[in-house]
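The values are calculated or read from the model by the stated rules, or taken from the named source; none is laboratory data. Because the structure is predicted, anything quoted here is derived from the model rather than measured. Reconstructed Cβ throughout: ideal geometry from the backbone, glycine too, with neighbour counts over all protein chains shown. In case anyone asks, the SASA skips ligands and DNA or RNA and just uses the protein heavy atoms, side chains included. Shrake-Rupley method; radii C 1.70, N 1.55, O 1.52, S 1.80 Å.
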Amino acid sequence: MLKFENVNYSYNNNPLLSNISFTVKQGEFVFMIGKSGSGKSTILKLVNLIERPTSGEIEFDIYKYKEVRTREIPKIRRKIGMIFQDFKFLSDRNIFDNLSYILEITGTKSGKVKKKVMEILTEVGIAHRQKAMINELSGGELQRAAIARAMLNQPKLLICDEPTGNLDNETSEEIMQLIYKINQKGTTILFTTHNLLLITNNSRVLELKNGTILEKLDTYFD
Ligand code: ADP
Ligand code: MG
């Protein structure tokens, strides 16, 4: 469902990624690890069409990115949910309104918005906080809300850019469990982190190192 083939990416003529090739299958949970500055976020930006490669091909779902036109990008992005370390919510609105406006701008009929938002808030365990303002929520509640927002349009792929980076261990574990649950319901996950403790033994792991990518086939990390 996602394929990078010999992808190169430079900015200001500085090569950051070279010959990146990997495939993610429908339904997989893939960790991407690498030091700070190794290019993890850039790979996710390439997936999300925020950045375009210098050369090489990326395919997602039915799309070959070389052939994608600018007007098609919003449609593709609706199939890709994204969560980050920081949450990017509108601070003058409550959680319900932060989610409902996403559905409104992406064309959901107004009669359906409330039901959909409450369903997804229930799924992530914060339906009781729907009226809370952003500054009243804990870090864990905010990340749950961010996951709910990312899942609103039922994306095929959820890309997670170090989403537990600012959370304590116990809250990180709760968020990981929630993302595992989303994966078990069928959403493909690409998850970047530099915290190797998050990785359970049976997960697939790709490592970014010196601008290129390696498949880790065992659970020994150096
Ligand atoms: P990671 O997420 O692994 O920490 P990033 O993908 O954020 O790594 O970035 C790798 C490096 O490349 C960083 O030093 C970043 O500043 C730089 N970089 C990547 N793309 C750009 C860009 N478009 N403009 C400026 N700097 C960039
Ligand atoms: Mg990053």
* Counting only protein heavy atoms, what percent of the accessible surface of the chain is carbon or sulfur at a 1.4 Å probe? -> 47 percent
* Structure fact -> Counting sequence-distant residues (5 or more places) and residues on other chains, those with an amide H built under 5 Å from that of residue 93 are 134
* Structure fact -> Heads up, segment 90-153 by the C-alpha gyration tensor (a ≥ b ≥ c square roots of eigenvalues; a/c under 1.5 rounded, else a/b over b/c prolate, else oblate) looks prolate
* Structure fact -> Over the chain, with neighbouring protein chains present, the accessible area per residue in Å² at probe 1.4 Å is 53 Å²
* To do: Find, among the trypsin sites (Lys or Arg not before Pro) in segment 1-101, those assigned to loop by DSSP (not H, G, I, E, B) with at most 16 other beta-carbon atoms within 10 angstrom.
  => 25, 35, 69, 78, 79, 88, 93
* Asked: For the residue pair residue 109 and residue 177, what label-to-label distance in nm results when each label sits 7 Å from Cα along the Cα-to-beta-carbon direction?
  -> 3.8 nm
* Structure fact -> Over 25 Å (Cα to Cα) among 181/209; 64/115; 79/216; 75/209; 45/216; 35/79 -> 181/209; 64/115; 79/216; 75/209; 35/79
* **Candidates 44, 158, 196: whichever shows maximal mean-square fluctuation once the chain is modelled as a Gaussian network with Cα springs under 10 Å** => 196
* Quick one: putting +1 on the C-beta of Lys and Arg, -1 on the C-beta of Asp and Glu, what dipole do you get for the chain around its Cα centre, in Debye to the nearest 20? -> 1040 debye
* How big is Rg to Rh over the chain, alpha-carbon atoms, Rh as the Kirkwood inverse-mean-distance radius? -> 0.97
